[in-house]
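First up is the structure itself, then whatever we jot down about it.
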Amino acid sequence: MDLGAVLGQAFAGGATGLPEDATATKILDAAVATCAAHGIGELTIDGVARRAGVNRVTVYRRFGDRDALLHAMTLREGERMARGILEAIEGLEDPVEQLVEGFAAALRLAEAHPVVRRTAEHEPQDLIAAGLADDAALLRMGSTFAATGVRRLQDAGRATHLDPDAVGETMARLFASFVLLPAQHAIDVRTQEGARDYARRTLVSLLMG
């Protein structure tokens, strides 16, 4: 499965094909809980099956092997983060405010996510490895999501001077740096107001000219 391509399709409004029934949800919830408690490296089919209260054959039948399960978990959590960002910018017409609120929401959601938070703190190498897996699928996920937002603005005749793909990848790389290197120096985004202030003062001119 090309995770980056599937995520890009999802963020552009397409279907991902992930199962959403109660059993699949239990399995994916168990995968998230396992990674949050013990780290991505400790994810196993047997452990997830025990936590979900199903047998290992059910996990294999629904998701395949361990890597496929991890991909499915990443896809679902990525979709949820994307929906959270879209909710944060819903109703905003100004591209500047969309950037500001979208950036602040992305940082808030990443900080609140138990797997992202634990991995960034204790096993950042696993987060980097996950970001580079499948031809940098997670980076492409973020890039596609941001680029789709720029293209929607351009469809409405706004922000036509921007290169959507370049802006999308720049946003994804900046976001990854804040997640992986949370130490604050001249830039303080530990609060939502701090994130908004940084976005208004720096990101707007950097990305939108």
Take the Cβ-Cβ distance between Arg83 and Ala136 as r, set R0 to 30 Å, and report the resulting FRET efficiency rounded to the nearest 0.05.
0.85
Testing the spin-label approximation: label points 7 Å from Cα along Cα→Cβ at Arg50 and Asp67. State their distance in nm.
2.5 nm
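If r is the Cβ-Cβ distance from Glu20 to Gln125 and R0 is 41 Å, what FRET efficiency results, to the nearest 0.05?
Numbers: r = 32 Å, r/R0 = 0.78.
The calculated FRET efficiency here is 0.80.
Quote to one decimal, in nm, the extra length available between Ala112 and Met208 on full extension: 0.36 nm per residue of separation minus the C-alpha distance between them. Before the final figure, lay out the partial values.
On the way: separation 96, 0.36 × 96 = 34.56 nm, distance 2.80 nm.
Length gained between Ala112 and Met208: 31.8 nm.
Taking 0.36 nm per residue of separation and subtracting the Cα-Cα distance, what length does fully extending Ala166 through Ala37 add? If you can, show how the numbers build up before the last one.
Working: separation 129, 0.36 × 129 = 46.44 nm, distance 3.60 nm.
Result for the pair: 42.8 nm of gain on full extension.
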At q = 0.09, 0.11 Å⁻¹, base-10 log of I(q)/I(0) for region 11-158 (Debye sum, equal scatterers on each alpha carbon)
-0.32, -0.47
Ordered by residue, what ³J(HN,Hα) values in Hz, to whole numbers, does region 107-115 give under the Karplus form 6.51 cos²θ - 1.76 cosθ + 1.60, where θ = phi - 60° and Gly and Pro are x?
5, 5, 5, 5, 5, 7, 6, x, 6
If you plug each phi of region 19-27 into the Karplus form 6.51 cos²θ - 1.76 cosθ + 1.60 with θ = phi - 60°, what whole-Hz ³J(HN,Hα) values come out, in order, with x for Gly and Pro?
x, 10, 6, 4, 5, 4, 5, 4, 5
Shape of region 82-156 from its Cα gyration tensor (a ≥ b ≥ c, root eigenvalues): rounded if a/c is under 1.5, otherwise prolate when a/b > b/c, or oblate?
oblate
When the charge dipole of the chain is computed with +1 at the Cβ of Lys and Arg and -1 at the Cβ of Asp and Glu, the Cα pointing farthest to the positive end, of Ala104, Val116, Met141, is that of Val116
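Could you work out the relative contact order of region 36-144, using alpha carbon pairs under 8 angstrom and six or more residues apart, expressed as a whole percent?
Numbers: 59 pairs, mean separation 27.7, N = 109.
RCO, region 36-144: 25 percent.
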With +1 on the Cβ of every Lys and Arg and -1 on the Cβ of every Asp and Glu, and nothing else charged, how large is the dipole of region 61-209 about its Cα centre, in debye rounded to the nearest 20?
240 debye
Could you tell me the relative contact order of the chain? Use alpha-carbon pairs under 8 Å, at least six residues apart, and round to a whole percent.
24 percent
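Residues with beta-carbon under 14 Å from that of Glu101, excluding Glu101: net charge, scoring Lys, Arg +1 and Asp, Glu -1?
Details: positive: Arg108, Arg196, Arg200; negative: Glu87, Glu90, Glu93, Asp94, Glu97, Glu193, Asp197.
Taking every Cβ under 14 Å from that of Glu101, the sum is -4.
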CD proxy, 222 nm, the chain: helix-only mean residue ellipticity via -39,500 (n - 2.57) per DSSP H run with n ≥ 4, per residue, nearest 500, stands at -24000 deg cm²/dmol
Which of rounded, prolate, oblate describes region 89-209, given a ≥ b ≥ c as roots of the alpha-carbon gyration tensor eigenvalues and a/c under 1.5 marking rounded, otherwise prolate only if a/b is larger than b/c?
oblate
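How much FRET efficiency would the formula 1/(1 + (r/R0)^6) give for Arg200 and Gln154, where r is the Cβ-Cβ distance and R0 is 22 Å, rounded to 0.05? If you can, show how the numbers build up before the last one.
Numbers: r = 22 Å, r/R0 = 0.99.
After rounding to 0.05, the efficiency reads 0.50.
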About its Cα centre, how strong a charge dipole does region 151-209 have in debye, to the nearest 20, once Lys and Arg get +1 and Asp and Glu get -1 at the Cβ?
120 debye
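Every read-out reported here was derived from the displayed coordinates using simple, explicitly stated rules and does not represent laboratory data. Since this is a predicted model, take the numbers as computed values, not measurements. Glycine gets a Cβ as well: all are built from the backbone with ideal geometry, and neighbour counts include every protein chain shown.
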